[in-house]
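The values are calculated or read from the model by the stated rules, or taken from the named source; none is laboratory data. Keep in mind the model is a prediction, meaning the values are calculated, not measured. Cβ: placed from backbone, ideal geometry, glycine included. Neighbour counts: every protein chain shown.
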Amino acid sequence: MNFKNFIVASACAAVTVSAATVYQNQVGFLTGGLKQIAVVDAAGEDVIFKDAEGNAVLTVTAPEAQPWEPAGKSASLVDFTELNVPGTYSIFIGDEEVGHPVIIDDNAYEGITKGALKFFYFQRASTALEEEYAGIYARAAGHPDTSVKYHASTGHETTDSTISAPKGWYDAGDYGKYIVNSGITTYTLLQLYQQNKAYFDTLNLNIPESGNDVPDILDEIRWNLDWMAAMQDTDGGVFHKLTTKQFAGMVMPEKTTTQRFVIGKGVEATWNFAAVMALAADIYSPYDSAFASSCAKAAVKARWWAYTHPSAAFEQPKDVGTGTYTGSITWTLKLWTNAELYRITGDKVFSDSLHTLKYTRKKATLQSWSNSLMLEAFTIATNPEVFDEADVDTAKALIFTLADAYVASLEKNGFGVAMTNNDFYWGSNSMAANKGMVLIHAYILTKEDKYLNAAIGLVDYMLGRNPLDKSYLTGFGVNPVMNPHHRISQADGIEAPVPGMLSGGPNATANDAGTCKQDYAKGKPPAEAYYDNACSFASNEVAINWNAPFAYLVGSIQAILSTGKTYDTSSKSKATYNDLESIPAKKPLFKPAAAGNRLIVKGNSIRLERTAADGTKKYFDLRGKTIR
Ligand code: 9MR
């Protein structure tokens, strides 16, 4: 033994070595919020929190360990909420420092809120990212999308005709732009703004539009709305997606210049579009009334198309291999659109549609790109002055059915995470974030801490309180994701990935085990079925519909705890759109036909022109009545 080793050995002999392992939020705890860490192999031991000077400021005896099935282990959930002086603390068990630094701050979630929203800027298509805003992640413009071809699946001539549909956000690790996924994503971000205006009106995201008198979050969302608006066909239907025929390689966006196509036109995209445009019409009216009004009209036009083409479901064409986004539950999309349109018009035809479609206490299901039931529940429950009492009650019942189940799942849960084995499939972190969104609504409606606390538990899970000790948000935490399935991060030559991206997270199905040549789920508990490798599109891809609920969750909690304000219905925009022709809940009297129909929009009037086989034309209003 040399002298150096001898010193180390004798020092070790003098200290008490704990076998404990700590799993914790690696980014920060809000001063006024719940603070918990999960500690394995420490039951009955004292967990000591020391300040920066080394003074012990709080000692908590680790309680009895409890299992959390997805982790395949038991842990003691150590609560140190009473430590509420901002600062950086270290954790000790006996003489040994364990875990990572504990950061307590009044604005602990502000950095991640900005980071998660800035991701959308980094995903912008059709523009160069300047160093001033993107730092080392500055890059050339990719995909102008001004000369996009019509795929035969759109019903258009495929010759040389093109459509211009620039801007928008790249969906995920790929460069596709998909209307279905833009639906829930854009709605979620608009709700984040609408429910927390006081906080987001001044939050600076350092984007090119910062300082233009429009809140930055709305400027960022507008980038995608402008693209969505361009995806509406002249007849009101909305193209399903804008992509190349096959996925590009792992290259920078400007390097892939393969022809892009608008592909398909169907009810899934059209309903999603209608709901988002209706909400946008309300939110943008104080800033750009012409744009807001065009959103409202586009929404009505889309709804009409969707009602008259009920069987136009998108099917992936044989020559296309990009994301499918097929199989949305369309009755939930109809309800959502009618709720959004009723909110901005007060037109009974939309509330009648809600009832015709049986807006009842159907089985509550967590929102996702394919199921929108909770989206209208959120809208209806938070607008009691607009909707019928019975509908508001139904909406609340749906929210509490889910939220109470999540809270119940925390009973005797050693990690304090409202996730079960069934939640660990493709995009499991979006399950966590979307559950958080449900819980925040339950909190807004009741102000009961149990809902806010359960939501904080989900944030802690994604930021490190998980059995892999992993922060699933790139660029944040001690042990963050480093190799996401994200073309830009793989191709930019920079070691650290673009920051602020939420990885899809553990996936017990490991759908990509073949591609990765590694079954990372085999023999692992669900919450460990994860592979931090760019090959792993099924456990480590990023996506706009995962970042949006994460931004919603952390942004809402930051706003609630720093401003004390939650959804204020009186601050809602007073814009109403009573000049729109609305549509009957019933089927129109004429036979819906795809070919030969044209919607004519003139000022506020919308009419249908139907060309018969012999070339004669007939005109109908939106109720299906003959005009002439
Ligand atoms: O998020 C989608 C997930 O629910 C599906 O199971 C999966 C397979 O269809 O597709 C995911 O969405 C991907 C999309 O198809 C293409 N862009 C990347 C998306 C995230 O992986």
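Against the conditions (1) touching a Ser or Thr at 6+ places or on another chain (Cβ under 9 Å); (2) at pLDDT 95 or above; (3) outside the structural domain of residue 459 (by TED's automatic domain parsing), residue 95 satisfies every one except (2). Selection of helices (runs of 4 or more DSSP H) fully inside the stretch 109-197 by the criterion of at least 1 residues being at pLDDT 95 or above and within 16 Å of the ligand (Cβ to nearest atom) returns 110-122, 179-195.
Take the stretch 490-527 and flag every residue that is of a type in the set (S, T, N, Q) and free of Cβ contacts under 8 Å to residues at least 24 places away in the same chain. Passing the criteria: 515, 518. Within the stretch 273-285, is even one residue touching a strand residue (DSSP E or B) at 6+ places or on another chain (Cβ under 8 Å), at pLDDT 95 or above, within 16 Å of the ligand (Cβ to nearest atom) and not β-branched (Val, Ile, Thr)? Scanning the stretch 273-285, I find no residue that is touching a strand residue (DSSP E or B) at 6+ places or on another chain (Cβ under 8 Å), at pLDDT 95 or above, within 16 Å of the ligand (Cβ to nearest atom) and not β-branched (Val, Ile, Thr), so the answer is no.
Looking for something within 16 Å of the ligand (Cβ to nearest atom) and either modelled with pLDDT of 95 or more or under 18 Å from residue 277 (Cα atoms) (or both) - is there at least one such residue anywhere in the stretch 351-366? Yes: one or more hits. Given the structure, is residue 340 within 16 Å of the ligand (Cβ to nearest atom) and in contact (Cβ under 8 Å) with a residue 40 or more places away in the chain? Answer is no for this residue. For the stretch 181-194, check the following and say yes or no: at least one residue is free of Cβ contacts under 8 Å to residues at least 60 places away in the same chain and either more than 15 Å from the chain's Cα centre (by Cα) or surrounded by fewer than 24 Cβ atoms within 10 Å (Cβ to Cβ) (or both). No, the stretch 181-194 contains no residue that is free of Cβ contacts under 8 Å to residues at least 60 places away in the same chain and either more than 15 Å from the chain's Cα centre (by Cα) or surrounded by fewer than 24 Cβ atoms within 10 Å (Cβ to Cβ) (or both).
Looking for something more than 29 Å from residue 375 (Cβ to Cβ) and not hydroxyl-bearing (Ser, Thr, Tyr) - is there at least one such residue anywhere in the stretch 440-463? No.
Number of residues in the stretch 385-400 that are of a type in the set (D, E, K, R) and crowded, with 19+ Cβ neighbours inside 10 Å equals 2.
Tell me, please, whether a residue that is in a loop (DSSP other than H, G, I, E, B) and β-branched (Val, Ile, Thr) can be found in the stretch 268-276. No, the stretch 268-276 has no match at all.
Pairing each residue of the stretch 169-180 that is not assigned by TED's automatic domain parsing to the domain that holds residue 128 with any residue that is among the small types (Gly, Ala, Ser) and within 9 Å of the ligand (Cβ to nearest atom), provided the two are 6+ apart or on different chains, yields no C-beta distance under 9 Å.
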